[in-house]
Amino acid sequence: MGRSASAAPVLVRVRGMTKEFTQGTRTLRVLEGIDLELHRGEMVAIIGASGAGKSTLLHCLGTLDLPTEGEILFDDVDIVQLPPPQLARFRNESIGFVFQFHHLLPEFTALENVMMPAMIGRVPQREAKERSEEMLEAVGLAHRLRHRPGELSGGEQQRVAIARALVMRPKLLLADEPTGNLDTRTSDEVHALMFRLNEEHGITMLVVTHNLELAHTFPRVIRMADGHLIGDTTGARAKEDDARAREAADAAAP
């Protein structure tokens with residue numbers, strides 16, 4: 001599943017990215033010397049223990065936060081150097097976000113929630129509505145356009161969030177534990193949906209997850225620890241590595 005990106009052009013190139021946070025007199029380095037390339041149409045999972053820097057990496061790539069040092073080249077443009085208004089426009093048009101919690105506005109319908117990024121991006125209302133209806137149909141919710149979030153199941157709410165993330169037809173989708181609050185069956189359905197959207201629309205997807213079974217289905221898996229990238233391999237190879245690690249831990253157990 002997922003597109004092969006071996007011959008695809010590079011969409012995102014990260015060079016020497018470092019991220020620090022200051023707490024009083026103490027400086028905490030969360031990311032250090034990150035070098036990374038993401039190719040067009042690629043499906044990539046990021047795994048690692050809590051505190052490894054996964055979410056911070058995602059936030060920096062999505063320009064929700066900016067790195068302390070380094071470059072983030074998006075189509076060869078260093079987006080770190082963009083002035084704030086241009087950066088906000090770039091983020092709205094080029095990057096979609098899906099989080100563990102759907103963050104839907106409860107007073108608006110599914111259709112209205114999906115339309116929000118398009119309206120913020122000043123897409124004409126008629127076009128915004130047509131795009132939103134198209135995306136809700138793509139995620140299997142054509143029959144739920146007028147329902148509010150409280151009238152939807154958890155899986156349906158996350159599908160609306162995915163449709164909202166894609167309504168601006170971004171080149172990159174960033175997902176941070178997108179199924180962390182869902183049961184196993186619903187989680188599997190949302191994962192299958194994301195793979196299908198990748199196949200149909202060619203969207204580059206970078207997904208942070210603690211779910212190793214999910215990560216092992218991705219064509220590419222990046223492993224993080226202590227703010228560094230320590231592994232970059234295929235899902236099948238990552239599965240073998242994790243199995244060996246479990247066997248070694250079991251053998252060492254008293």
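The table below gives the values:
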item	result
Selection within the stretch 201-227 - acidic (Asp, Glu) and closer than 24 Å to Arg13 by Cα	Asp226
Strands (runs of 3 or more DSSP E) completely within the stretch 162-254 that count 2 or more residues being more than 16 Å from the chain's Cα centre (by Cα) and free of Cβ contacts under 8 Å to residues at least 24 places away in the same chain	228-233
Qualifying residues in the stretch 16-53 (those that are of a type in the set (Val, Ile, Thr) and either part of a strand (DSSP E or B) or in contact (Cβ under 8 Å) with a residue 40 or more places away in the chain (or both)) - the one surrounded by the most Cβ atoms within 10 Å (Cβ to Cβ)	Ile46
Residue ID - nearest to Met205 (Cα to Cα), chosen from residues in the stretch 98-128 that are surrounded by 16 or more Cβ atoms within 10 Å (Cβ to Cβ) and either among the polar types (S, T, N, Q) or touching a Phe, Trp or Tyr at 6+ places or on another chain (Cβ under 6 Å) (or both)	Gln100
Any chance Ala236 is surrounded by fewer than 20 Cβ atoms within 10 Å (Cβ to Cβ), among the small types (Gly, Ala, Ser) and in contact with a Gly (Cβ under 9 Å, 6 or more places away or on another chain)	no
Qualifying helices (runs of 4 or more DSSP H) (wholly inside the stretch 68-147; at least 1 residues being within 27 Å of Thr18 (Cβ to Cβ) and not aromatic (Phe, Trp, Tyr))	84-94
Candidates Arg244, Arg196, Arg237, filtered to the one that is under 14 Å from Ala45 (Cα atoms) and among the basic types (Lys, Arg)	Arg237
Candidates Arg144, Arg131, Arg185, filtered to the one that is farther than 24 Å from His39 by Cβ, at pLDDT below 95 and loosely packed, with under 15 Cβ neighbours inside 10 Å	Arg185
Contacts under 8 angstrom Cβ, first residue in the stretch 93-118 being over 11 Å from Ala161 (Cα atoms), partner of a type in the set (Phe, Trp, Tyr) and assigned to a strand (DSSP E or B), 6 or more apart	Ser94/Phe74
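The values are calculated or read from the model by the stated rules, or taken from the named source; none is laboratory data. What you see is a predicted model; the values in this text were computed from it and never measured. Quick reminder, even Gly has a Cβ in these numbers, built from the backbone with ideal geometry, and neighbours come from all protein chains shown.
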